């Protein structure tokens, strides 16, 4: 499956081209809602959503994709983005 996605996945010398698990680390600034301890990364959430849409366009089914985030607020933000789009598993590290 990863081989057919080579053109849309970020390139890395350590990423296996034909099989395995793909982790996509992103650098962005943590944001925080006023009077709340929960962090989130709006630009990262948007990038994850757009990458997932690209996977769907390559005929990858939602059941083949899992999205894991360390932040509760980030999971909420991602669910808001996926409101009209199927996603098989999206949750925090603790809940996954």
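The values are calculated or read from the model by the stated rules, or taken from the named source; none is laboratory data. Because the structure is a prediction, the values reported are computed rather than measured. Cβ coordinates were reconstructed from backbone atoms using ideal geometry, including for glycine residues, and neighbour counts include every protein chain displayed.
Among the residues of region 57-96, write down those that are more than 13 Å from the chain's Cα centre (by Cα) and surrounded by 14 or more Cβ atoms within 10 Å (Cβ to Cβ).
The answer is 60, 72, 73.
Consider residue 7 carefully, then state whether it is more than 13 Å from the chain's Cα centre (by Cα) and either assigned to a loop (DSSP other than H, G, I, E, B) or at pLDDT 75 or above (or both). Steps first, answer last, please.
On the way: more than 13 Å from the chain's Cα centre (by Cα): yes; either assigned to a loop (DSSP other than H, G, I, E, B) or at pLDDT 75 or above (or both): yes.
Yes.
Residues that are more than 25 Å from residue 6 (Cα to Cα), touching a residue at least 24 places away in the same chain (Cβ under 8 Å) and either part of a loop (DSSP other than H, G, I, E, B) or touching a helix residue (DSSP H, G or I) at 6+ places or on another chain (Cβ under 6 Å) (or both): does region 40-60 have at least one?
Scanning region 40-60, I find at least one residue that is more than 25 Å from residue 6 (Cα to Cα), touching a residue at least 24 places away in the same chain (Cβ under 8 Å) and either part of a loop (DSSP other than H, G, I, E, B) or touching a helix residue (DSSP H, G or I) at 6+ places or on another chain (Cβ under 6 Å) (or both), so the answer is yes.
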